Amino acid sequence: MAKTGVQGATIVRRRNAAATRDAILASARRAFAESGYDGAGVREIAAGAGVTAMLVNRYFGSKEQLFAEVLAATAASPTILSKENLKKPNLGEAFATALVDITNAANTPLEGFSIMLHSASSKRAAEIGREQIEKGHQKTLTSLLSGDLAPQRAALALSLVAGFQVMRQMIGLSALSEADPEDLVKLLSPLFQQLIDGKG
């Protein structure tokens with residue numbers, strides 16, 4: 001709390017709990033995206049939010065819980081699994097178009113993707129990431145699929161997304177990074193559609 005003197009009196013300004021929490025989450029998202037789970041420290045995150053490490057722990061309990069909430073927040077507004085895309089009749093093409101668009105060289109990698117990529121070497125972070133994916137994106141996609149092996153097909157679709165992001169956007173494989181976007185959409189659409197339809 002901050003104190004200010006007004007005509008000899010002391011006024012105590014209450015801390016805005018919601019704003020403080022949001023600031024910590026925003027700082028954590030930046031830190032995890034840049035340094036990964038192991039590389040980002042609570043003190044660094046606290047400094048980025050303008051608070052103390054003790055306050056970070058008071059709001060989130062632990063670095064693990066903070067990481068889980070950061071991942072949940074990044075998944076709350078999906079790009080490929082957006083409500084708009086899920087309403088389109090040709091899901092395969094919609095997914096492919098969105099994927100090719102977000103991996104354009106001019107675009108910054110999605111924050112959630114960067115966080116997972118830079119944190120994958122941490123066993124605990126991978127466990128937390130798996131939990132968030134399974135109850136988030138995978139659950140959403142699985143619920144849309146009918147037929148056999150729906151969870152497996154959903155997981156394969158997510159793997160296709162992640163692998164494409166790595167190869168085109170992070171590694172910059174020339175056959176993908178320099179390709180005509182329309183050609184990539186044409187190649188990816190039937191792959192996604194086959195996983196969505198479940199037909200061999």
Per-residue HN-Hα couplings for the range 153-161, Karplus 6.51 cos²θ - 1.76 cosθ + 1.60 at θ = phi - 60°, whole Hz, x for Gly and Pro?
5, 5, 5, 5, 5, 5, 5, 5, 4
Here, L191 and S174, labelled 7 Å along Cα→Cβ, have an inter-label distance in nm of 2.1
How would you classify the range 83-197 from its alpha-carbon gyration tensor, with a ≥ b ≥ c the square roots of the eigenvalues: rounded for a/c under 1.5, else prolate if a/b is greater than b/c, otherwise oblate?
oblate
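With a Förster radius of 25 Å, plug the Cβ-Cβ distance of E182 and S159 into 1/(1 + (r/R0)^6) and report the FRET value to the nearest 0.05.
0.60
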Where nothing but the Cβ of Lys and Arg (+1) and of Asp and Glu (-1) is charged, how large is the charge dipole of the chain around its Cα centre, in debye to the nearest 20?
1080
For the chain, what class follows from the C-alpha gyration tensor (a ≥ b ≥ c being the square roots of its eigenvalues): rounded when a/c is under 1.5, otherwise prolate if a/b is larger than b/c, else oblate?
prolate
Surpassing 29 Å at the alpha-carbon level, of the pairs K83/K135; K87/K199; K123/K199; K63/K135; K139/K199, are K123/K199
Extension gain (nm, one decimal) between T52 and T79, 0.36 nm per residue minus Cα-Cα
6.4 nm
So what J values fall out for the range 122-132 if you push phi through Karplus, 6.51 cos²θ - 1.76 cosθ + 1.60 with θ = phi - 60°, rounded to Hz, Gly and Pro as x?
8, 4, 5, 4, 5, 5, 5, x, 4, 4, 5
Label-to-label distance, nm, for residues given as N104 and V166 (7 Å Cα→Cβ offset)
2.5
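Each reported figure results from applying straightforward, stated rules to the coordinates on display, with no laboratory input. What you are looking at is a predicted structure, and each value in this text was computed from that prediction instead of being measured. Using ideal geometry, Cβ is built from the backbone for each residue, glycine included, and neighbour counts are taken over all protein chains shown.
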